[in-house]
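The values are calculated or read from the model by the stated rules, or taken from the named source; none is laboratory data. All values derive from a computational prediction rather than experimental measurement. Glycine gets a Cβ as well: all are built from the backbone with ideal geometry, and neighbour counts include every protein chain shown. The area values use the complete protein model at the heavy-atom level, side chains included, leaving out ligands, DNA and RNA. Shrake-Rupley method; radii C 1.70, N 1.55, O 1.52, S 1.80 Å.
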Amino acid sequence: MYIEPFGVELWMNEWETKCALNLAETCVASLTISELLQLTGQNEGDLSALLPMKMTYGAIKGSERLRSAVAALYAAHDPAQVLITHGTIGANMLVHKALVERDDHVVAIVPTYQQHYSIPSSIGAEVEKLHLREENNFLPDPDELRVMVTPETKLIAMNNPNNPTGALIPRELLEEIAAIARGAGAYILCDEVYRGMDQEGDGMSASIIDIYEKGISTAGMSKAFSLAGLRLGWIAGPLEVIEAAMIHRDYDTISVGVIDDHFAALALEHKDRILERSRAITRGNLAKLDAWIASDPRLSWIKPRSATVGLIKYDLDMLSRDFCIDLLEKTGVMFTPGSALGMEGYVRVGFANSPEVLEAGLCRVSEFLKKYYPN
């Protein structure tokens, strides 16, 4: 089966071990196990709970403890509607494989994580793309969506908060998108891996499964929860979707690791403390990044309202990949070229590193632009 090479992952694989300051990173500064224990009111002595743990497959769907903790992230609060997966990437793959068949019609809202159009295309579905535009603040136009969605549409795929723009679809627009899907009987797959990172209020945006009866949320521990090393995610959605995903999951996952399950449950049981840390990092860093962009007339952006990433438009006569490689080789600072995301003329920046890393990286970029690309 042919599938389109994954642009962002190819870029990361090629360069992330060769950079000094990774401003392409999308995860909030990763926690150590020691820091996780401190945030959750534990100490190193509590690691003794792991000693009698048998290294079996564990609960196949995920432990009841973990699925209950995930369910508490949604209004429904039903662990039966939760399936634990190998990261959000595994959750997305399972949903597409379980629902999409050859010749199905899928609408993908782009730019987005490439899974959401390349996987259904590889299955043989007809994928129609709704392009987000800067003039609309990178929010989907419901009138455009209404034209694209037909009675044959099986699935609408998107992510909210959006990667790579940091745009946040408000609840009212989500409800309008749900009404369009409802009219066609289509599912909505909403990749919500950045949920919890809103720049205002309590930081927690509305989930599609709390708005639409055929809504499916995927998310995981990597971004907002700073625990990418657990490689743990989930699907939350209608029971028929969970059951269909289980059939495919038996072929490629079986279960997640019991230690991963344990630490994910511990983190989610204390989610408020972890998300408070994450929001403090991202909100402080975004303010610094926004001021830095405003200081250079060649740079502009639509300021993110959520997530850990944003797109910077640059006014230079060169391709984004060439710019990013030149920057890397001369300064050690890593951005992601817009070309890897279908957004030429932009670079994606992550603002969830430690403030020290962000500040040092931006300083080097400023010196680079001044020296090699003077006004």
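Say whether the condition of being under 28 Å from ASN285 (Cβ atoms) and open to solvent by 50 Å² or more (accessible area, probe 1.4 Å) is met by at least one residue in the range 67-90. There is at least one residue in the range 67-90 that is under 28 Å from ASN285 (Cβ atoms) and open to solvent by 50 Å² or more (accessible area, probe 1.4 Å).
Checked against (1) more than 24 Å from GLN81 (Cα to Cα); (2) in contact (Cβ under 8 Å) with a residue 12 or more places away in the chain; (3) not in a helix (DSSP H, G or I), LEU189 meets all criteria but (1).
Do we have any residue at all in the range 349-356 that's open to solvent by 10 Å² or more (accessible area, probe 1.4 Å), over 21 Å from SER205 (Cβ atoms) and of a type outside the set (S, T, N, Q)? Scanning the range 349-356 turns up at least one residue that is open to solvent by 10 Å² or more (accessible area, probe 1.4 Å), over 21 Å from SER205 (Cβ atoms) and of a type outside the set (S, T, N, Q).
For the range 30-64, the candidate set comprises residues that are of a type in the set (S, T, N, Q) and within 20 Å of LEU227 (Cα to Cα); within that set, the residue that is surrounded by the most Cβ atoms within 10 Å (Cβ to Cβ) is SER63. Of the residues making up the range 231-246, those that are open to solvent by 30 Å² or more (accessible area, probe 1.4 Å) and within 20 Å of ALA75 (Cβ to Cβ) are LEU239, GLU240. When LEU145, LEU130, LEU139, LEU155 are checked against the criterion of being surrounded by 22 or more Cβ atoms within 10 Å (Cβ to Cβ) and not polar (S, T, N, Q), a single residue qualifies: LEU155. Considered as a group, the residues in the range 1-29 that are outside any loop (DSSP other than H, G, I, E, B) and either of a type in the set (D, E, K, R) or surrounded by fewer than 15 Cβ atoms within 10 Å (Cβ to Cβ) (or both) include one that is nearest to the chain's Cα centre (by Cα), and that residue is GLU9. Once the range 168-197 is narrowed to residues that are of a type in the set (A, V, I, L, M) and within 18 Å of the chain's Cα centre (by Cα), the residue that is farthest from LEU132 (Cα to Cα) is MET197. Can we say GLU200 is buried (at least 17 other Cβ atoms within 10 Å of the Cβ), under 20 Å from the mean Cα position of the chain (by Cα) and not hydrophobic (A, V, I, L, M, F, W, C)? Considered against the rule, which asks whether it is buried (at least 17 other Cβ atoms within 10 Å of the Cβ), under 20 Å from the mean Cα position of the chain (by Cα) and not hydrophobic (A, V, I, L, M, F, W, C), GLU200 comes out as no. For the range 296-337, the tally of residues that are in contact with a helix residue (DSSP H, G or I) (Cβ under 8 Å, 6 or more places away or on another chain), touching a residue at least 40 places away in the same chain (Cβ under 8 Å), open to solvent by 50 Å² or more (accessible area, probe 1.4 Å) and part of a loop (DSSP other than H, G, I, E, B) stands at 1. Within the range 95-114, being farther than 18 Å from LYS214 by Cα and either in contact with a strand residue (DSSP E or B) (Cβ under 7 Å, 6 or more places away or on another chain) or open to solvent by 10 Å² or more (accessible area, probe 1.4 Å) (or both) holds for ARG102, ASP103, VAL110, THR112, TYR113, GLN114. Tallying residues that are open to solvent by less than 90 Å² (accessible area, probe 1.4 Å) and hydroxyl-bearing (Ser, Thr, Tyr) within the range 357-375 yields 2. Collect the residues in the range 338-358 that are in a helix (DSSP H, G or I) and under 16 Å from the mean Cα position of the chain (by Cα), keeping them in residue-number order. Those that are in a helix (DSSP H, G or I) and under 16 Å from the mean Cα position of the chain (by Cα): ALA340, LEU341. Each residue in the range 203-226 was checked for being surrounded by fewer than 24 Cβ atoms within 10 Å (Cβ to Cβ) and either of a type in the set (A, V, I, L, M, F, W, C) or modelled with pLDDT under 95 (or both), and 3 pass. Being out of contact with any His (no Cβ under 9 Å at 6 or more places or on another chain) and free of Cβ contacts under 8 Å to residues at least 24 places away in the same chain: is that true of THR56 here? In short, no.
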